[in-house]
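Just so it is clear, none of the values below were taken in a lab; they were calculated from the coordinates. Remember, it's a predicted structure, so these values are computed and weren't measured experimentally. Because the Cβ atoms are built from the backbone with ideal geometry, glycine has one as well, and the counts that use them run over all protein chains shown.
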Amino acid sequence: MPSVVVTGVSSGIGWGTAKVLIQHGFQVFGSVRKSEDADRLSAAWGEAFTPLLFDITDEQTVRQAAAQVAERLQGHTLSGLVNNAGIAVPAPLIYQPIDEYRQQLEVNLVGPLIVTQAFVDLLGADHRRSGRPGRIINISSIGGKLAGPFLGAYHVSKFGMEGFSDSLRIELLVHGIDVIVIGPGAVATAIWDKAEQVDTSAYRDTEYAQAVEAYRTYMIEGGRRGYPPERLGEIVWQALTTPHPPARYGYAVVPRPFFNWIIPRLLPKRRVGAVVANQLGLKRPER
C-alpha cells in the first residue's frame, strides 16, 4: 500500500486530499494540531488514516512524527509528502502588525522546509530504504503567481513557495525525488465562513476601510463558488501517480481560468492593478 504524509488535514484542501487518497488506496499520515481533530478523522477514515499531532513550525514535534512514520514504514520509502498546511491573515501591508506578517511567513514558508527536512530521508534521500523515491507536492496558490491587495503577506509566502519548490526540485534530482507545485484558485471550504468573522476594525479609520470590506466580500463570494476540496485531492493523486507529471499544476485548478488566470497573466501588471484598484475604489485623492 502506498503511503503519504499530508499536513493540515483537519479541513479544507488537506481534508479533501486525505479523503481522496484514502479512496485510491493510500495509507495517509495526516497532521493535525488538536487531538479532537485526530479522533474525529480516525473515526471517519479508520485504519487507512494515521493522525500525526504537530504544528509544522515546531521542529521537535515534526521530527517526532517523522520517527513515528519511519517505524511504520519498516525500511520502505514514503510515497509522498504533501505540504499543504497554511494560513492567510488579511491586512493592508503598511498597517499590518509585524508579528502577524512574520507568523504567515513562519507557517507558510518556514514550516514546509521544517517538514521537508524531517521527512526527506523517508522519501528516499536515505538510499538504504527499499522502494522507489517518493514525491513532494507543495500546495501553493494562484496567489503564488498573481498578487492582489490586502493579502500581501500571504502572497509573499506563496511566491516564496514557488521559488522554494523550484530550487528543491533541482537539488533533489540526486535522490530521484520529484517536487511538484499545485497552485489552486478558490476552493469552497469553511474558511470563507470564518472570513466573515475576521475583525478588520483596526483599519476602520484608515484610507483602506471601504476597500478592505469590498475586497473581503469579493473574496468570500468567489471562494464559495470555488472548486470542492476533493477536486484538489484528485489533482494531488494525479501528481503522485502520473508517470511524468508537470512541474506545476495551475490552469486545471483555477475556476474560470480564462478570466482568473490567462487574461491576468497576459495583461501588463500595471493594467491589472489599475483595474483592481478601480473596482475597490482605491483612488488617489485629488489635490
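List the relative contact order of the range 112-254 as a percent without decimals, with contacts defined as Cα pairs under 8 Å and 6+ residues apart.
Details: 165 pairs, mean separation 38.9, N = 143.
So the answer I get is 27 percent.
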Please report the relative contact order for the chain, taking Cα pairs under 8 Å with a sequence separation of at least 6, and give it as a percent rounded to a whole number. 19
At R0 = 30 Å, how high is the FRET efficiency between R204 and R270 if r is their beta carbon distance? Nearest 0.05 is fine. 0.55
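What is the extension gain from R102 to S35, computed as 0.36 nm multiplied by their sequence separation minus the C-alpha to C-alpha distance, in nm to one decimal?
Between R102 and S35, full extension yields an extra 21.5 nm.
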Here the net charge surrounding I180, from other residues whose Cβ is less than 10 Å away from its Cβ (Lys, Arg +1; Asp, Glu -1), is +2
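When you count, for each residue, the other Cβ atoms within 10 Å and take the mean per peptide, how do 155-164, 213-222 rank with the highest first? Intermediate values should be presented prior to the final figure.
Values: 155-164: 20.2, 213-222: 15.6.
Output ranking for 155-164, 213-222: 155-164, 213-222.
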Using Cα centres only, tell me the gap between the range 134-165 and the range 43-86 in whole Å. 23
When S35, S10, S79 are arranged by how many other beta-carbons sit within 10 Å of their Cβ, fewest first, they go S35, S10, S79
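Just subtract the alpha-carbon distance of I262 and Q68 from 0.36 nm times their residue separation and send over the number in nm, one decimal.
On the way: separation 194, 0.36 × 194 = 69.84 nm, distance 4.34 nm.
Length gained, I262 through Q68: 65.5 nm.
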In what sequence, highest mean first, do 54-61, 111-118 appear when ranked by Cβ atoms within 10 angstrom? 111-118, 54-61
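Given contacts defined as C-alpha pairs under 8 Å and at least six residues apart, what's the relative contact order of the range 1-109, whole-number percent? Walk me through the numbers before you get to the answer.
Working: 148 pairs, mean separation 30.3, N = 109.
Over the range 1-109, the number comes to 28 percent.
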Could you list which residues have their amide H under 5 Å from that of Q27, counting only those 5 or more apart in sequence or on another chain, with H placed in the peptide plane? S3, V4
Rg/Rg_ref, the range 15-124, where Rg_ref = 2.2 N^0.38 Å and atoms are Cα: 1.18
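Count the net charge of all other residues whose Cβ sits under 15 Å from the Cβ of H24, scoring Lys and Arg as +1 and Asp and Glu as -1. Can you show the working numbers first?
Details: positive: K19, R135, R231; negative: E230, E234.
Overall, the nearby charge balance is +1.
For the chain, what ratio Rg/Rh do Cα atoms give with a Kirkwood hydrodynamic radius? Display every interim value, and only then the final one.
Details: Rg = 19.6 Å, Rh = 19.8 Å.
That ratio equals 0.99.
Evaluate Rg over Rh across the range 143-287, taking Cα atoms for both radii and Kirkwood's formula for Rh. Intermediate results must be reported in sequence, preceding the final value.
Values: Rg = 17.8 Å, Rh = 17.4 Å.
That ratio is 1.02, to two decimals.
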Relative to the longest principal Cα axis of the chain, at what angle does helix 209-224 sit, 0 to 90 degrees, rounded to 10? 40
Degrees, to the nearest 10: 229-241 long Cα axis against longest axis of the chain: 50
In the neighborhood of K34, defined by Cβ-to-Cβ distances under 15 Å, what is the net charge if each Lys or Arg adds +1 and each Asp or Glu adds -1? -3
Tell me the angle of helix 12-23 to the major Cα principal axis of the chain, expressed in degrees between 0 and 90 and rounded to the nearest ten. 30
